Structures are given as structure tokens and as C-alpha cells.
Amino acid sequence: MAKNYCRSIWISDAHLCTRGCQVGYLYSFLKNVKCDYLYIVGDFIDVWQLKRRWYWPQLFNRVIRRILKIAQKGTKVVYIPGNHDEIFRDFAGFDFGQVQIQTHAIHETADGRKLLVLHGDEFDVLVKCHKWLAVLGSAAYDYLIALNRLLNLSRRKLKLPYYSLSGAIKRKVKKACQYINNFEEVAAMAAAKHKVDGVICGHIHHPIIKDLHGITYYNTGDWVENCSALVENDFGEISILRWTQDWHAEPLQELESEEEDVEVEQEVAVALANWRLANGDIQAVG
């Protein structure tokens with residue numbers, strides 16, 4: 001597969017540490033795209049899940065390594081933590097292996113527009129005011145994703161395309177639709193206060209681009225249900241890329257060799273050590 005060039009890429013909500021993460025598709029995406037700017041817009045590592053039980057197969061290491069390699073090759077990589085990885089917000093302003101950690105960013109498109117980039121949990125009343133309920137909802141969502149995984153295993157054997165069960169439920173449940181609409185409205189209002197042309201966020205796993213009162217609202221989607229990203233071309237046009245549909249990509253599930261495993265672990269360890277050395281007054285997580 002030839003590499004696809006984009007000026008900018010936004011991904012979010014991979015939820016590494018969970019079995020629902022479509023890590024094979026995510027890794028194949030990162031291997032087959034090139035960009036000048038890469039924004040990781042929160043909930044990339046699911047610390048909530050990590051506190052419940054440990055789940056970290058080798059392919060997760062390869063995803064981390066790929067991102068570090070992208071940064072080393074000159075791409076500006078910005079990591080904006082979300083609510084599931086909010087622990088990393090304590091390290092905002094520092095670099096990890098040339099990956100910049102920020103609470104938010106302002107991106108200027110090729111056609112001169114300014115966009116506010118942030119995870120989006122700031123606009124979620126449930127997360128801000130009733131975190132315990134959000135954690136409970138997250139656990140229920142994990143079970144739904146497990147059911148979805150079994151469904152799609154059967155569909156794959158029948159040569160049928162991927163189907164998002166939770167996405168279908170969200171589309172059919174009126175209150176869920178109203179929640180999404182309210183979230184989008186609040187995000188657009190925040191962008192207007194920042195005097196920018198648009199806002200890019202994740203959080204609700206609903207990829208979309210729409211105009212709201214003169215503000216362009218973008219949502220990256222996720223790598224649990226949709227395997228989606230936002231991509232910008234050289235003219236400043238931003239579109240939704242659905243990796244499994246637009247590229248008909250196959251997930252990369254197997255590691256190439258044991259030597260590759262060791263190399264991955266060594267590179268992640270080196271990045272951690274360098275980050276600790278550069279930021280000696282901060283205790284690195286890991």
C-alpha cells in the first residue's frame with residue numbers, strides 16, 4: 001500500500017489498554033500515512049481501564065513506537081490528553097520523545113483558517129460534574145464493545161463489512177442524539193469565544209463535519225468503532241477519513257519477529273529515559 005500524504009492528521013479515542021481498541025487498523029493507518037502535523041486529541045491511552053486491569057499486547061508498543069518515529073522524522077506531533085488519560089495533563093508544556101504535550105492547540109490551516117483543537121470533555125457536563133457516573137458508563141460501554149467485537153468476528157467470516165453496534169444504537173436513541181447535538185453546540189460556542197474559525201475535538205466517538213452558526217465543528221471519531229481520522233490537504237480542505245471503508249484496509253495483527261519486539265521495547269524505554277532526563281523535576285509515568 002502506497003503512503004498517503006496529508007498536510008495534517010487528527011486522531012483521537014484509540015483507548016489503548018482496552019480490548020475494544022482496533023489497534024490493528026490503527027497501526028496500519030499510522031504505517032501508511034505521512035503528514036506535516038499529527039494531533040492526538042485525547043483518550044489515546046485509557047488510564048481508567050488500566051486502573052481496573054492490565055491489558056497491553058505487543059502491538060500497542062508498536063503503535064507508540066510508530067508515533068515516536070513519525071515525530072523523529074520531522075512531523076510536528078502534539079498530544080492533547082482527554083478525560084481517560086487526564087493524568088498526562090500534569091505534564092502539559094513538556095515533550096516526550098519529541099511529542100509535545102498540550103492541553104489544547106490552535107492549528108492554522110493551509111488556507112489561513114484558525115482552529116481550536118482540544119479533546120472535548122470540557123464540554124461534557126456528565127464528565128465534569130458526575131465523574132463517577134461517567135466511569136460507570138464507560139464500563140457499560142466496554143461490554144457493548146465486546147459484544148460488537150463478537151458480532152464483527154462473525155461478519156468478517158461472512159465477508160461482510162465492519163458494523164458499529166453502539167453507533168447504530170446512538171443514532172436510534174433520541175436522548176443520545178440530543179446529547180451529541182448539545183455537545184456540538186457548546187463546542188462551537190467555545191470556538192467563538194476563542195475567536196477562531198472552527199473547533200476540532202473527539203470524546204463522543206461521532207465523526208462529523210458541520211457548520212454551526214458560522215463556526216465549523218469537526219469531530220475526529222475514534223479507533224474503537226469508526227476507525228476514523230480528520231485529514232487536511234495542501235489546500236486547507238479537511239475531510240473525514242474512514243480507514244476501513246475508504247482504504248479497505250486490513251488490520252495488522254502480527255509482529256514481524258522477536259527482534260522487532262525487543263527493538264520496540266528498547267525504543268520506548270529510551271524515549272522514557274530521555275524524557276525523564278530532560279524534565280528532571282517531573283516523575284515520568286511508567
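Values in this text are rule-based calculations from the coordinates and carry no lab data. The model shown is predicted, which means the values in this text are computed figures rather than measured ones. Positions of Cβ are generated from backbone atoms using ideal geometry, with glycine treated the same way; all protein chains shown enter the neighbour counts.
Hey, which of these cross-link pairs are over 26 Å Cα-Cα: 31/76; 3/210; 3/69?
3/210, as the Cα separations exceed 26 Å there.
Ranked by the mean number of other Cβ atoms within 10 Å of their residues, highest first, the peptides 54-61, 71-78 come out as 71-78, 54-61.
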